[in-house]
Amino acid sequence: MKNILLFIFFITLFSSCEKEKPEQLHTLVIKKEYCVIENEGIIFLPEFELRRNDSLISTHKTEIITNYYNIENLKSGNYNIVYTSLFKRTESQNIILNNKSIDTLIICLDKIDYSSIDHIPFIDRLKENENYLIDVYNQGCFSLGGATMKISKTQSKIIAEADENKKELTSSEIQYVRQFELELVNMNSCCCTSTDYYSLEYNDEVLKIEDGSCNWYGYGRLYNNLFNVEN
């Protein structure tokens, strides 16, 4: 009987110690960057929300000159970061905090869900023997100039022309032109010292958008991708 009581005592003591073991807390490191667009300048993320199970926990403001932000003393579980992307759209990224004491989550500021955009690009509207123009004009403290690209459809082929270059586009290049326009319609950014003024003209429809982000460089990336020009 005495041995049984001692056994029960030690089991109770052991269980009590287990219950008093502190819960592991985590540090979440938020790294902001552009995951697709090459960028060597300032990566701007004014603020973001920390959510757990779709419930708002806190809102955080980041520093412009720092690409990392730490959130400490988080319990284990599923979290997601909600933020506004370069394209002025609300995006979110998830992370599970479990075994590691420190986890890093990369926030892609150029993330965009093309399928969610309610816009039909001009390249998908082209009928046989039709074309549309992409005009861009840059104005700023140290730059001034413009460029034009014509996209046309002839004999069921999509042709791109710019400067002295002309080529039939592959399916992947057509997709890039499509994504360029879907990104463009979500720009309208301001406040950079240099601004790109876009005008897309298809039949009687004209799409005018300003890009003053100093980060997107949409036409330059489009031109380089289609005509194999190195940055």
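The values are calculated or read from the model by the stated rules, or taken from the named source; none is laboratory data. What you see is a predicted model; the values in this text were computed from it and never measured. Positions of Cβ are backbone-derived with ideal geometry, glycine not excepted, and every protein chain shown enters the neighbour counts. To get the accessible areas, we keep the full protein, side chains included, count just its heavy atoms, and leave off ligands, DNA and RNA. Shrake-Rupley method; radii C 1.70, N 1.55, O 1.52, S 1.80 Å.
Here are the numbers for the structure shown:
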read-out	value
Failed condition for Ser116, given (1) open to solvent by 30 Å² or more (accessible area, probe 1.4 Å); (2) in contact (Cβ under 8 Å) with a residue 40 or more places away in the chain; (3) not charged (D, E, K, R)	(2)
Filtered residues of segment 136-153 (kept if open to solvent by less than 70 Å² (accessible area, probe 1.4 Å) and either at pLDDT below 95 or under 27 Å from the mean Cα position of the chain (by Cα) (or both))	Val136, Asn138, Gly140, Ser143, Gly145, Gly146, Ala147, Thr148, Met149, Ile151
Top-ranked residue of segment 1-57 - restricted to ones that are at pLDDT below 85 and aromatic (Phe, Trp, Tyr), ranked as farthest from the chain's Cα centre (by Cα)	Phe7
Hey, Ile159 within 27 Å of the chain's Cα centre (by Cα) and either closer than 25 Å to Ser85 by Cα or modelled with pLDDT of 95 or more (or both) or not	no
Candidate set from segment 49-104 (those that are of a type in the set (Lys, Arg) and in a strand (DSSP E or B)); member that is nearest to Asn39 (Cα to Cα)	Lys61
Qualifying residue in segment 212-222 (condition: out of contact with any strand residue (DSSP E or B) (no Cβ under 9 Å at 6 or more places or on another chain) and charged (D, E, K, R))	yes
Odd one out for Leu109, checked against (1) within 15 Å of the chain's Cα centre (by Cα); (2) modelled with pLDDT of 95 or more	(2)
Segment 81-90, residues that are of a type outside the set (A, V, I, L, M), open to solvent by 20 Å² or more (accessible area, probe 1.4 Å) and either farther than 14 Å from Ser213 by Cβ or modelled with pLDDT of 95 or more (or both)	Thr90
Members of segment 58-80 found to be modelled with pLDDT under 90 and exposed (fewer than 11 other Cβ atoms within 10 Å of the Cβ), listed by number	Glu63, Ile64, Ile65, Thr66
Pairs where the first residue, in segment 70-98, is on the phi > 0 side of the Ramachandran plot and the second is open to solvent by 20 Å² or more (accessible area, probe 1.4 Å) and basic (Lys, Arg), C-beta under 9 Å, 6+ apart	Gly77/Arg52
Qualifying residue in segment 134-149 (condition: of a type in the set (Gly, Ala, Ser), under 17 Å from Leu207 (Cα atoms) and out of contact with any His (no Cβ under 7 Å at 6 or more places or on another chain))	yes
Residue tally, condition aromatic (Phe, Trp, Tyr), open to solvent by less than 30 Å² (accessible area, probe 1.4 Å) and outside any helix (DSSP H, G or I), over segment 213-228	1
